[in-house]
Amino acid sequence: MHSDECIIVDDQDTITGHASKYDSHSHPLYGYSPSEVDTDADIRSGSVPGVKHGAQRKLGHELGIAPEQVPPSAMHYLTRLHYCAGDADGQGRPTGWGEHEMDYIIFLRANVQLNVNPEEVMATRYVTPSELAEMMDPGSGLRWSPWFRIIAREFLPRWWQNLDKACRGDPSMQDLANIHHLS
């Protein structure tokens, strides 16, 4: 946590520096090769090679997916989300940790082999839209990351209804110009 350097951005996604993962927490990292830093032109064009390399690295770290199974060329950037959320324990008490992130949402459809990192992921499961809605109901007792709740509420229904287009990076599914500020 002290050696990885996260990229620090402002609420308009302008790079302002870098800091250790202990002091900050987002997933494209500074100083990696291949680079996980994107230029304004990369973002405007939707190519975001840095974000894709960061996603490939994290898919390996969290889900144990081999890099060759998730090539950046098969990933499609859809939009950006800026959010802030405090973290709570199982009783709803603040933990002192939280998230303040600029998240790039990318889609990828691939056949992969999972080797889940138990320190990062409790469980995986394929679900239908209606099953996910039931699982996300507050009465289910399941806990969800704040960023996923936002994505599921604000974006996922449209993308799920048009999954082939979203997975191809069809321009009708993308919003490259805006940063969605949500919480």
Item to check | Nonlocal amide H pairs with Gly98, under 5 Å, H built at 1.01 Å | outcome: Asp87
Item to check | Separation of the Val112 and Arg44 label points, Cα + 7 Å toward Cβ, nm | outcome: 3.1
Checklist entry - Long-range amide H contacts for Asp175: which residues qualify at under 5 Å (H placed 1.01 Å from N, peptide plane, sequence gap of 5 or more or a different chain)? => result Thr79
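If each DSSP helix of 4+ residues adds -39,500 (n - 2.57) and the sum is divided by the residues in the chain, what number results at 222 nm, nearest 500 deg cm²/dmol? Present the calculation step by step, with values, prior to reporting the outcome.
Values: 6 runs with 50 residues, N = 183.
My calculation for the chain gives -7500 deg cm²/dmol from helical runs alone.
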Next on the checklist: To make sure I understand the rule: partners must be lysines, Cα under 27 Å from the Cα of Lys21, and not fewer than 8 residues away in the same chain. Which ones qualify?
Outcome noted: Lys52, Lys58
Checklist entry - Taking only the alpha-carbon positions of region 14-160 and ignoring solvent, what does the Debye formula give for the base-10 log of I(q)/I(0) at q = 0.15, 0.21 Å⁻¹? => result -0.95, -1.76
Checklist entry - For region 61-68, what does the Karplus curve 6.51 cos²θ - 1.76 cosθ + 1.60, with θ = phi - 60°, yield as ³J(HN,Hα) per residue in whole Hz, taken in order and with x for Gly and Pro? => result 5, 8, 10, x, 7, 5, x, 5
Next on the checklist: Could you work out what % of the accessible surface of region 6-58 is carbon and sulfur, using a 1.4 angstrom probe and leaving DNA, RNA and ligands out of the count?
Outcome noted: 53
Checklist entry - Measuring with a 1.4 Å probe in the full set of protein chains, what accessible area per residue, in whole Å², belongs to the chain? => result 61
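The values are calculated or read from the model by the stated rules, or taken from the named source; none is laboratory data. A quick note: this is a predicted structure, and the numbers were derived from the prediction, not measured. Glycine gets a Cβ as well: all are built from the backbone with ideal geometry, and neighbour counts include every protein chain shown. Accessible surface areas use protein heavy atoms only, side chains included; no ligands, DNA or RNA. Shrake-Rupley method; radii C 1.70, N 1.55, O 1.52, S 1.80 Å.
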